[in-house]
Amino acid sequence: MMKTDLVVVIGLGGMGSAALASLARRGARVMGLDARRLPHDQGSSHGGSRVARTAYYEHPEYVPLARASFDGWDRLEQETGHRCLHRSGVLLAGSAESAILRASLESARAHDVPTRWLDPDGLRATFPAFRFEPGFHALLEPDAGFVVPETAIEAHLAVARRHGASIRTEVEVQAVEGDDDGVEIRLNNETITASRVVVTAGSWTSRLLPDLAAAASLRPQRKIMVWCRPRDRFRDACSDRRMPAWLIDDDGRFGPGVYYGVPTSPHQVGPGGMKFGFHGPGLDVDPREFDRRPPPEVVSRFAREVATYLPGVFEPPHAAKACLYTMSGDEHFVIDRIPDRQAIVVAAGLSGHGFKFAPAIGDLLASLALDRARPEGTGFFSLDRFKFPSGS
Ligand SMILES: Cc1cc2nc3c(=O)[nH]c(=O)nc-3n(C[C@H](O)[C@H](O)[C@H](O)COP(=O)(O)OP(=O)(O)OC[C@H]3O[C@@H](n4cnc5c(N)ncnc54)[C@H](O)[C@@H]3O)c2cc1C
């Protein structure tokens, strides 16, 4: 393979744009490739908002990554003048038995994340638009909020360009072949030789790295997002000045998962209004061909079920959109070098909760591409937990 110092990033959605910016900041010679014009609404990084919290119920190992990301969002704002993280606060509500509420509280305690515990009376008094079961408590994380993915991608790409990255869009990578020392990236009529490649192809990862996808059981799933406008008298109560982003653990009342929502905000990109969705099992799909039209019965069911928590608060849905999760076998991230081809670095299987971490994942990918040692405290995201075909 020809000797080169070029690092290529394949896929410039939430993770790839952050990796490109991080590599470029570190002075690497980098090129970013994406099959589409950016930002777009065909992958996982659209829809105007993503909930961003650090008191992490999924596992306490995520808390340092979330903290580093919040610093990263602030740094990005200083670099570009674009605010991506809006600190509306995040409210997590659930019954006294809620495992999610308990795990969030444990993460907050273990890592000294500032939070406020609300008992049922406090919850009612602080957020009167919501109606919960009598025993519901809540954890409020005031410094958390939501990130605007489209703004974040554009800001990361702007930083990357400023530091000399070249960006090529509407270029689809057909294959990636490599070993520990270098890679060849095949396009339709061209082959690019690079010293390292970062694969951040989201739901399309299995096409480029089928063995990784099989080992980590990557599964793209269709998810639906719904937007509703608040009725006039609830406009203020539903704005990001008064309402935090929220998640509700209702002990499986509406299926295994949690409803989440983002308040109205002048900063959200998209159809406007309050946005909500269900974080739980989705429909397995092939990202190359699936019906992107949100089924009307799913949209009306979401609106009906969310209305049990916010009765009379919003108008019928005026917009809905499909988006893609890529689930991993254990719903935790895979961020690593490929064991038998160390020149290939990947972030995959972000399992519907990755966006808030984009700046820190970008930095971690840059380290995996440029440094010898894996950064301390990031082993949780390694491929070691899966049986990779090479036996690593
Ligand atoms: C409905 C929904 C709600 C979510 N809510 C939250 C939330 O509240 N909080 C949170 O933190 N996360 C949330 N997530 C998850 C988060 O948005 C994703 O984890 C994140 O966007 C994944 O980014 P990505 O860069 O991996 O994928 P993508 O953004 O999809 O980027 C992949 C890119 O690779 C490109 N590509 C693919 N194949 C090729 C190829 N062969 N050649 C060139 N380019 C290629 C694609 O065009 C695309 O641009 C949510 C996701 C969805 C769908």
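Read-outs: derived from the displayed coordinates by stated rules, not from any lab. Note that the structure is a prediction, hence the values are computed from the model and not measured. As a convention, Cβ positions derive from the backbone with ideal geometry for all residues, glycine included, and neighbour counts pool all protein chains shown.
Among PRO296, PRO210, PRO230, which one shows the highest mean-square fluctuation when the chain is modelled as a Gaussian network with alpha-carbon springs under 10 Å?
Result: PRO296 has the largest fluctuation of those listed.
How large is log10 of I(q)/I(0) for region 293-392 at q = 0.14 Å⁻¹ when the intensity is taken from the Debye formula with one equal scatterer per alpha-carbon?
-0.68
Which of the peptides 147-154, 178-185, 323-330 is most tightly packed, and how do the rest follow, going by the mean number of other Cβ atoms within 10 Å of each residue?
In decreasing order of mean packing, 147-154, 178-185, 323-330 become 147-154, 323-330, 178-185.
Taking Cα atoms, how many degrees apart are the long axis of helix 149-162 and the longest axis of the chain, rounded to 10 and kept between 0 and 90?
The helix 149-162 is inclined about 30 degrees to the chain.
Take every Cα-Cα distance within the chain, group them into 20 Å bins from 0 onward, and report for each bin the whole-number percent of pairs it holds.
All Cα pairs considered, the percentages come to 29, 57, 14, 0.
In the calculated pair distance distribution of region 113-157, what percentage of Cα-Cα distances lie above 11 Å?
When all Cα pairs of region 113-157 are counted, 72 percent exceed 11 Å.
Toward the positive end of the charge dipole of region 66-214, about the Cα centre and with charges on Cβ (Lys, Arg +1; Asp, Glu -1), which of GLY182, ALA125, ALA158 goes farthest?
Result: ALA125.
Quick check for me: using +1 on Lys/Arg Cβ and -1 on Asp/Glu Cβ, what's the dipole size of the chain about its Cα centre, in debye to the nearest 20? Don't jump to the answer; show the numbers that get you there.
Values: 47 positive and 49 negative charges, 199 e Å.
Charge dipole, the chain, about its Cα centre: 960 debye, nearest 20.
Counting Lys +1, Arg +1, Asp -1, Glu -1, what net charge surrounds ARG25 among other residues with beta carbon under 12 Å of its beta carbon?
Net charge in that neighbourhood comes out at +2.
Checking a compactness column here: for region 1-91, what do you get for Rg(Cα) / (2.2 N^0.38 Å), N being the number of residues?
Normalised by 2.2 N^0.38 Å, the Cα Rg of region 1-91 equals 1.27.
Full-extension gain between ASP143 and ARG301, please, as 0.36 nm times their residue separation minus the C-alpha to C-alpha distance.
Here the segment from ASP143 to ARG301 would lengthen by 53.7 nm.
For a footprinting-style exposure proxy, rank TRP117, TRP227, TRP246 by other Cβ within 10 Å, fewest first.
The most exposed by this proxy come first: TRP117, TRP227, TRP246.
Mind ranking 287-294, 261-268 by how tightly packed they are, going by the mean number of other C-beta atoms within 10 angstrom, highest first?
261-268, 287-294
Can you bin region 159-227 into rounded, prolate or oblate? Criterion: square roots of the alpha carbon gyration tensor eigenvalues sorted a ≥ b ≥ c, rounded for a/c under 1.5, prolate for a/b above b/c, oblate for the rest.
oblate
Rounded to the nearest whole Å³, what is the per residue volume of the convex hull around the Cα atoms of region 63-191? Numbers along the way, then the final one.
Working: hull volume 26.3 nm³, N = 129.
Output value, Cα hull per residue: 204 Å³.
Distance from a point 7 Å along Cα→Cβ of ARG161 to each backbone N in region 171-200: keep the residues under 17 Å and list them by number.
Counting only backbone N, you get 171.
Amide H to amide H, which residues 5 or more places from MET274 or on other chains are under 5 Å from it, using H placed in the peptide plane?
Amide H neighbours of MET274, under 5 Å, 5+ apart: CYS228, ARG229.
Take the alpha carbon atoms of region 209-260, find their center, do the same for region 39-76, and report the distance between the two centers in whole angstrom.
Region 209-260 and region 39-76 have Cα centres separated by 14 Å.
Give me the extension gain from ASP180 to ARG242: residue separation times 0.36 nm, minus the current Cα-Cα distance, reported in nm with one decimal.
Extending this stretch completely gives an extra 17.1 nm.
Find how many whole Å separate the alpha carbon centroid of region 89-162 from the alpha carbon centroid of region 326-392.
26 Å
Give me the net charge of ALA68's neighbourhood, meaning all other residues with Cβ under 13 Å from the Cβ of ALA68; Lys, Arg count +1, Asp, Glu -1.
Around ALA68, the charge tally is -2.
Counting C-alpha atoms alone, how compact is region 240-302: give Rg to one decimal and Dmax as a whole number, in angstrom.
14.0, 40
Mind ordering 53-66, 195-208 by average Cβ neighbours within 10 Å, highest first?
Most protected by this proxy first, the peptides run 195-208, 53-66.
Starting from the 7 Å offset along Cα-to-Cβ, what nm value, one decimal, do you get for the label separation of ASP251 and SER382?
For the pair ASP251/SER382, the computed spacing is 4.1 nm.
Divide the volume of the convex hull of the Cα atoms of region 111-254 by its number of residues and quote the answer in cubic angstrom per residue. If you can, show how the numbers build up before the last one.
Details: hull volume 34.3 nm³, N = 144.
Dividing the Cα hull volume of region 111-254 by its residues yields 238 Å³.
Specify the angular offset, from 0 to 90 degrees and rounded to the nearest 10, of the alpha carbon long axis of helix 296-306 from the longest principal axis of the alpha carbons in the chain.
60 degrees
On a 0 to 90 degree scale, rounded to 10, what angle separates helix 358-370 from the longest Cα axis of the chain?
20 degrees
Hey, rough spin-label estimate for ARG207 and ASP340, points 7 angstrom out along Cα→Cβ, what's it come to in nanometres?
2.4 nm
Could you give the length gained on full extension between MET1 and ASP71, defined as 0.36 nm per residue of separation minus the Cα-Cα distance, in nm?
On the way: separation 70, 0.36 × 70 = 25.20 nm, distance 3.87 nm.
Stretched out fully, the MET1 to ASP71 stretch lengthens by 21.3 nm.
Only helical DSSP H runs with n ≥ 4 go in: add -39500 (n - 2.57) per run for the chain, normalise by residue count and round the 222 nm mean residue ellipticity to 500 deg cm²/dmol.
After summing the helix terms and dividing by residue count, I get -7500 deg cm²/dmol.
May I ask you to sort ILE10, ILE167 by Cβ crowding, counting other Cβ atoms within 10 Å and putting the fewest first?
ILE167, ILE10
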